[in-house]
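First comes the structure, then the notes that go with it.
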Amino acid sequence: MCVKKRTALQLLHLSDLQLYRWVLLLSIVLASLSFFYNVWRMEVSEHNAMVRTAGIQILQELAELEQIIFIAHYDQDLQQGSPRRAWVRVGLIDDLSVLMSAPTIDSVNVLRDLWQREWPQLKNSHESVISLGDQIDEVRLQVKSELSRLK
């Protein structure tokens, strides 16, 4: 019966090996967590950049649409205030809105439907200009609100 007695040096070596294993395991866990956080943060940043770009473009298109409406109604110029030009703006706003939140999409849908109803009488109806302007302001407010929530 041979009982091996471990010397202090052997015990120290064994505890060093266990410490090494724990440090290795902790390093792997921390590296994995760091990697997953970095991937998540990049996705959030990319989403925010996409929403920001779409929001700014929507704001520009809303300004163009409003200008077309004013030219058609107040200047009675159907060349610069052409409903076809406005339809392009409305379509682009509608296309870009899918990158935004649900309230913005809903506001854009209301604007599109309102434009579809009101554009034939735009030249002669001040009420059409007012209702379209109000809805453009509503979409603008929604977009600005969404942009301000981005981090």
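Results, tabulated for the structure shown:
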quantity	calculated
Filter result for E64 (over 16 Å from the mean Cα position of the chain (by Cα), closer than 30 Å to H47 by Cα and either surrounded by 14 or more Cβ atoms within 10 Å (Cβ to Cβ) or not hydroxyl-bearing (S, T, Y) (or both))	yes
S107 vs. criteria more than 18 Å from S145 (Cβ to Cβ) and under 31 Å from the mean Cα position of the chain (by Cα)	no
Count - residues of the stretch 119-151 that are in contact (Cβ under 8 Å) with a residue 60 or more places away in the chain and more than 22 Å from R84 (Cβ to Cβ)	7
The one condition in (1) at pLDDT below 95; (2) surrounded by fewer than 19 Cβ atoms within 10 Å (Cβ to Cβ) that A72 fails to fulfil	(2)
Residue match in the stretch 3-18 (condition: at pLDDT below 85 and hydroxyl-bearing (S, T, Y))	yes
Any hit, the stretch 28-40, residues being modelled with pLDDT of 90 or more, assigned to a helix (DSSP H, G or I) and either on the phi > 0 side of the Ramachandran plot or basic (K, R) (or both)	no
Where S45 falls short, out of the listed (1) closer than 22 Å to V143 by Cα; (2) at pLDDT 90 or above	(2)
Filter pass, D77 being over 21 Å from K144 (Cα atoms), assigned to a helix (DSSP H, G or I) and more than 27 Å from the chain's Cα centre (by Cα)	no
Residues of the stretch 100-151 that turn out to be assigned to a loop (DSSP other than H, G, I, E, B) and either among the small types (G, A, S) or crowded, with 18+ Cβ neighbours inside 10 Å (or both), as a count	4
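Quick grid of which residues meet (1) more than 30 Å from S45 (Cα to Cα); (2) at pLDDT below 95:
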{"position": "L59", "(1), (2)": "no, no"}
{"position": "D77", "(1), (2)": "yes, yes"}
{"position": "G81", "(1), (2)": "yes, yes"}
{"position": "I93", "(1), (2)": "no, no"}
{"position": "S97", "(1), (2)": "no, no"}
{"position": "I105", "(1), (2)": "no, no"}
{"position": "W119", "(1), (2)": "yes, yes"}
{"position": "N124", "(1), (2)": "yes, yes"}
{"position": "R149", "(1), (2)": "no, yes"}
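The values are calculated or read from the model by the stated rules, or taken from the named source; none is laboratory data. It should be emphasised that the depicted structure is a prediction, and the values quoted were computed from it without experimental measurement. Positions of Cβ are generated from backbone atoms using ideal geometry, with glycine treated the same way; all protein chains shown enter the neighbour counts.
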